[in-house]
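Notes follow once the structure below has been shown.
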Amino acid sequence: MGRIIFIWFPFLISLSANARTDTTMHVIKEKSINGTYNNFYADNLGNVYLISANNQVKKLDEHLDSLAVFNDVRRYGDVYTMDVNNPLKIVVYYRDFITILVLDRFLNTRNTIDLRNAGILQAKAVAQSYDNNYWVFDELNSKIKKIYDN
């Protein structure tokens, strides 16, 4: 019985060694984007939104060609987060001024929502709802609130 275990043991080791060599991953660099960026987001259509070091939002298509630039960076402070789930209605949240900007697909401002008017003074997260409104997590009350466009 001891011989059978001894014979099978090297065979099992060789099988596990072969399994490790099959999991090699090869990474190929296709394109690169020059510049310094703090964050990026991607939507369902393959567009990429880059946030530069000076809070400029740049939209690139799936081939990384520039489509639009949002350059109104001095009015609201730093971009805290973006919601790009709907590429036709992009939500940009500025935590410093508790303000939501709604941009169209060309990154033009469609609407500005001041959350202080809704009684929200510390919003941690902002996202779009499926009925074209916005979900906001109020940190002071620890509640999720729905905000309308007006």
18 Å Cα-Cα threshold exceeded, pairs from K124/K146; K89/K124; K89/K145: K89/K124; K89/K145
22 Å Cα-Cα reach of K29 towards lysines, excluding residues that sit fewer than 8 places from it in its own chain: K58, K59
Within straight-line cross-link reach of K31, aspartates and glutamates at Cα separation under 19 Å, skipping those fewer than 8 residues along the same chain: D43, D61, E62, D65
Packing-based exposure ordering (other Cβ within 10 Å, fewest first) of E30, E62, E139: E30, E62, E139
For the chain, the spread of Cα positions along each principal axis, largest first, Å: 81, 41, 28
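For the pair V27 and R74, what calculated FRET efficiency results from E = 1/(1 + (r/R0)^6), where r is the Cβ-Cβ distance and R0 = 35 Å, to the nearest 0.05?
Result of the calculation: an efficiency of 0.35.
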Selection from L45, S142, N34, by position along the positive dipole direction of the chain (Cβ): S142
All aspartates and glutamates inside 19 Å of K143 as judged from Cα atoms, apart from same-chain residues fewer than 8 positions distant: D114
With Cα atoms, 0 to 90° folded angle of helix 2-21 axis to the chain main axis: 30
Cα-centre dipole for region 32-150 with unit charges at Cβ (Lys and Arg positive, Asp and Glu negative), debye to 20: 280
Stretchable slack from K145 to F40, in nm (0.36 nm times residue separation minus alpha-carbon distance): 35.2 nm
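Here, each number is a calculation from the coordinates, and none is a lab measurement. In this text the structure is predicted, and so the values were computed from the model without any measurement. Glycine also receives a Cβ, built like all others from the backbone with ideal geometry; neighbour counts cover every protein chain displayed.
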